[in-house]
Structure formats: C-alpha cells, structure tokens
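This report refers to the structure that appears directly beneath it.
The values are calculated or read from the model by the stated rules, or taken from the named source; none is laboratory data. If you're wondering where the values come from, they're calculated on a predicted model, not measured in any experiment. Cβ placement follows ideal geometry from the backbone for every residue including glycine, while neighbour counts extend to all protein chains displayed.
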Amino acid sequence: MAKVVETKSSIIAAQLEEDILAKKYPAGGNLPSQQELAEMFGASSRSIREAFKSLEAKGLIKVQQGRRAEVQTNSLERFVETLTSSMISTSAMDKKMIRDLMQVRTTIEVSASRELSRDPNRTLIVRSLSRACTRMEQLLPSLENPKDEEALAEFKEVELEFHAILIKSNDNAILTHIYDYLAPQLYSAMERLTETFKEQQKKVNEYRYLVDALENGQTDLAVALTLVNLTNISEKFEALEF
C-alpha cells in the first residue's frame with residue numbers, strides 16, 4: 001500500500017482545526033492574517049490559502065477577500081453537525097444510506113468492544129451493560145405475546161440503551177458525536193425491522209455472552225459477538241424494500 005504523504009497545507013489545516021476546536025480562537029473572532037500564519041508555519045501563502053479552503057469546507061471558518069478569516073464555530077458538536085448534515089436527509093434514506101450508517105455503527109461499536117475489553121477500569125460500564133441485559137431478559141417472556149406492544153416498546157428502548165452505553169465507552173469523541181447525529185436516522189429505519197420471538201431470545205443470549213466477554217477481558221470474543229449482532233441487523237435491512 002502506498003504511503004500517504006501529508007502536504008504542508010494539510011498539516012497547517014489540521015493544526016488550525018485542533019486550535020479552533022480547543023477554543024484557542026473564539027467563535028466570531030479572527031485567525032491571524034495569512035502573512036502571519038505563513039511566518040508561524042514557515043509556509044507559503046499558497047499553503048495557507050489551501051488550508052483555509054479545507055477549514056471553510058468543514059464550516060470552521062469563513063473567508064472573505066481583504067479580511068482575516070473569521071472563526072464560525074469552535075464547538076465539536078457544531079463541527080460534527082456540519083460534517084454530517086450534508087450526508088443524510090429523510091428523503092435520501094435508501095438501502096445505500098442504510099449500509100453507510102451501519103458501517104459507521106459497526107466501526108464505532110467494534111472499536112468500543114475492543115477497547116472496553118482491554119480497559120482495566122471497565123467495571124462500572126460493564127455493570128451498566130449487564131443491568132440493561134438483565135432488563136431485556138426480564139422482558140423476554142412478555143414478548144411471546146406479539147400483542148404486548150408496551151413490553152416490545154420497552155425492550156427496544158432498553159436495547160438502544162445497551163448500545164448507547166457501549167458506544168459512549170469509546171474514547172474517540174469525534175466518532176461518538178458523528179454517531180449521535182446519524183443515530184436518529186438509523187433508529188427510525190430500524191422501526192421497520194421485525195423479529196420472531198426466537199430471534200429475540202437468541203439476540204439477548206448473545207448480549208449476555210458479550211457482557212461476560214467484556215467482563216472477562218476476552219477481546220476476540222467480544223469483537224466477534226458485536227460483529228454477529230450488527231451483521232444480523234444489516235442482513236435484515238438488506239431484505240427490506242425501499
């Protein structure tokens with residue numbers, strides 16, 4: 001695989017992005033002039049202009065001729081919202097978008113399972129996952145009656161909570177915030193999925209196995225169980241008509 005070479009402008013853009021999100025430059029304020037930045041980074045004016053284009057495309061700054069670049073936001077939430085808002089809309093929800101959303105979810109949850117299983121301070125998070133799993137186990141008998149809509153609604157709510165706990169254990173703030181913005185679209189689509197009682201039983205058993213694997217630090221097993229769960233969801237989406 002070819003090695004990716006960072007350009008001077010991409011290095012400058014990354015540093016300025018980090019400074020903006022760290023609130024070194026307040027929202028509504030201005031960055032140093034292009035000449036000042038060129039001197040700071042030992043770069044050409046062209047490299048600074050290219051870096052500005054990258055930051056402007058992300059919604060972090062506004063560039064006007066003859067003026068210093070203005071900082072638009074130094075909020076991580078706003079930054080992520082800008083990145084994701086153009087990706088999705090209700091009218092664009094199709095099978096490809098579902099695949100993309102599931103890919104993001106899989107990346108985050110697999111990473112979270114891997115890191116949590118290795119975290120020596122994982123006890124409290126694993127306990128929270130175990131409590132959610134226990135509640136799903138308690139609700140299972142009620143799900144044998146397909147007319148018990150209240151039990152089904154609570155089961156789905158607790159299941160989403162289980163996944164949210166796992167995702168929030170991920171230390172990657174940007175990935176987590178991206179998922180927060182994408183999740184409502186995905187969860188809305190998931191309302192169309194149906195499961196038999198046996199499928200629900202099997203899934204809850206797998207959640208319990210996952211909790212045990214996380215508690216015991218069994219990284220490979222935890223990752224495998226996470227992938228099994230998300231693969232099953234993806235396959236159900238593939239069977240839907242959009």
Against the condition at pLDDT 90 or above and surrounded by 13 or more Cβ atoms within 10 Å (Cβ to Cβ), how does A224 come out, does it pass? yes
Based on what the data block shows, is A224 within 16 Å of L116 (Cβ to Cβ), touching a residue at least 12 places away in the same chain (Cβ under 8 Å), assigned by TED's automatic domain parsing to the domain that holds L129 and over 17 Å from the mean Cα position of the chain (by Cα)? no
Subset of the stretch 52-111, residues surrounded by fewer than 18 Cβ atoms within 10 Å (Cβ to Cβ), at pLDDT 80 or above and not in a helix (DSSP H, G or I), comes to K62, V63, Q64, Q65, G66, R67, R68, E70
Looking only at the stretch 114-125, count every residue that is of a type in the set (V, I, T) and over 18 Å from L160 (Cβ atoms) and tell me the total. 1
When you go through (1) surrounded by 14 or more Cβ atoms within 10 Å (Cβ to Cβ); (2) in a helix (DSSP H, G or I) one by one for E18, which number turns out not to apply? (1)
For the stretch 165-211, how many residues are polar (S, T, N, Q), under 19 Å from K95 (Cα atoms) and crowded, with 17+ Cβ neighbours inside 10 Å? 1
Looking only at the stretch 116-153, filter to residues that are in contact (Cβ under 8 Å) with a residue 24 or more places away in the chain and basic (K, R); which one of those is surrounded by the fewest Cβ atoms within 10 Å (Cβ to Cβ)? R118
Evaluation of I165 against (1) hydrophobic (A, V, I, L, M, F, W, C); (2) in contact (Cβ under 8 Å) with a residue 24 or more places away in the chain; (3) farther than 30 Å from K58 by Cβ; (4) in contact with a helix residue (DSSP H, G or I) (Cβ under 6 Å, 6 or more places away or on another chain) (one fails), failing number: (3)
